[in-house]
1. Based solely on its DSSP helices, what 222 nm [θ] is calculated for chain A when runs of n ≥ 4 H residues each add -39,500 (n - 2.57) and the sum is averaged over all residues, nearest 500 deg cm²/dmol?
2. Going 7 Å from Cα along the Cα-Cβ axis for the label, what nanometre distances separate B:F76 from the same residue across the other copies?
3. For the pair A:N106/B:E109, report the inter-label distance in nm, with labels modelled 7 Å from Cα in the Cβ direction.
4. Give the residue list of chymotrypsin sites (Phe, Trp or Tyr not before Pro) in the range B:49-149 that are DSSP loop and have at most 11 other beta-carbon atoms within 10 angstrom.
5. Mind checking which aspartates and glutamates have their C-alpha under 15 Å from A:K6, skipping anything on the same chain fewer than 8 residues away?
6. Suppose you put the label 7 Å out from Cα in the Cβ direction; list, shortest first and in nm with one decimal, how far A:E166 is from each other copy's label.
7. Along the charge dipole of the range B:8-64, which of B:A17, B:A42, B:L61 sits closest to the positive end, that is, farthest toward it, with unit charges on the beta carbon of Lys, Arg, Asp and Glu (+1, +1, -1, -1)?
8. Which GluC sites (Glu not before Pro) in the range A:120-161 pass both tests, a DSSP loop state and at most 10 other beta-carbon atoms within 10 Å?
There are 2 protein chains.
Amino acid sequence: MEFSLKEAMEILEQTPATLESFVGGLSKGWLSCTEGEGTWNAKEVISHLIEGEKVNWIPRLRFILQEGNCKPFPAFDRYSHLNDEKNSMTEALIAFKEIRKENLRNLRELITTEAQLELKGLHPELGEVKVRELISTWAVHDLTHINQITRVIAKRYKKEVGPWKEYLGIINR
Amino acid sequence: MEFSLKEAMEILEQTPATLESFVGGLSKGWLSCTEGEGTWNAKEVISHLIEGEKVNWIPRLRFILQEGNCKPFPAFDRYSHLNDEKNSMTEALIAFKEIRKENLRNLRELITTEAQLELKGLHPELGEVKVRELISTWAVHDLTHINQITRVIAKRYKKEVGPWKEYLGIINR
């Protein structure tokens, strides 16, 4: 088993700065493109990450620590961030950076023993899950969404790359 | 057609800082993992990007400007960087940052008119390609490899995420 809290936190720590470097200087054309109707642009992805900080990861961790695996996690709306599209990309990046920092502080305060990593909660669809699986998923979820933004942005140039299209798997997905 | 030289350069400009934020602070466990035998770890991907700066993008652009589409691009070895694995990640990130900066300067000097973007070269396998397609491909190639690193790193936690595995497409690819 590869899990270590320190290493999982390295992933969680890098994401705000990575996203800032990645999309902070891009023109509107890059930031507004999507993969088609009903899919997210870069800012919607970052709004989704902010929402996860508010309602998903730390709240679920607290729920496991308080309730164990008798009661399932309360439900949340995975698309609620789409109702809150008034911020600019700059504001979204700052908001994400701040709430992530606060949540990493929360994580350090909540988890103080190795034994806590083995505690179990009840996911409404997936059944029994462990604290270390929740934290691992939080980290991989970040990577999923950085991955998504690279793909969304790359697809804008699907036609622009001309004959090279066939070498570039990312725009054919 | 979405192409603009300015916007393509925004993508090319962000990549060194994005990679530095992303992998610059990660432990060896993250940096040495691959997707299995014969696949690349994060540093091999960055070495590949450095190699592209040396032998691919700007050299091909110069070739088009000098030779047009009568002679095909000279061949290069896409795996040559795998023979040069002595540098640390920190050194690789610095080397990439420097050579990319130099190549963006070269690009600005070489392309001074919109008409040059329509000039044609001869790709040995793909046939006729345009300067603007070469530059677009250079940008999308960056995104492809940021995408690849997120996937390589995420897969290290394939088992660690437990039952969440089914929600995380990135680790199942």
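1. Here the helix-only value at 222 nm equals -18500 deg cm²/dmol.
2. 4.5
3. Output for this residue pair reads 5.2 nm.
4. B:Y79
5. Once the sequence-local aspartates and glutamates are set aside, what remains near A:K6 is A:E109, A:E114, A:E133, B:E160.
6. Spacings between copies for this position, smallest first, are 3.8 nm.
7. Going by the Cα projections, it comes out as B:L61.
8. Loop-located and lightly packed - A:E125.
Rule-based calculations on the coordinates, nothing more; no lab input. As the structure is a computational prediction, the values presented were derived from the model and not from experiment. Neighbour counts are summed over all protein chains in view; Cβ atoms, including those assigned to glycine, are modelled from backbone coordinates with ideal geometry.
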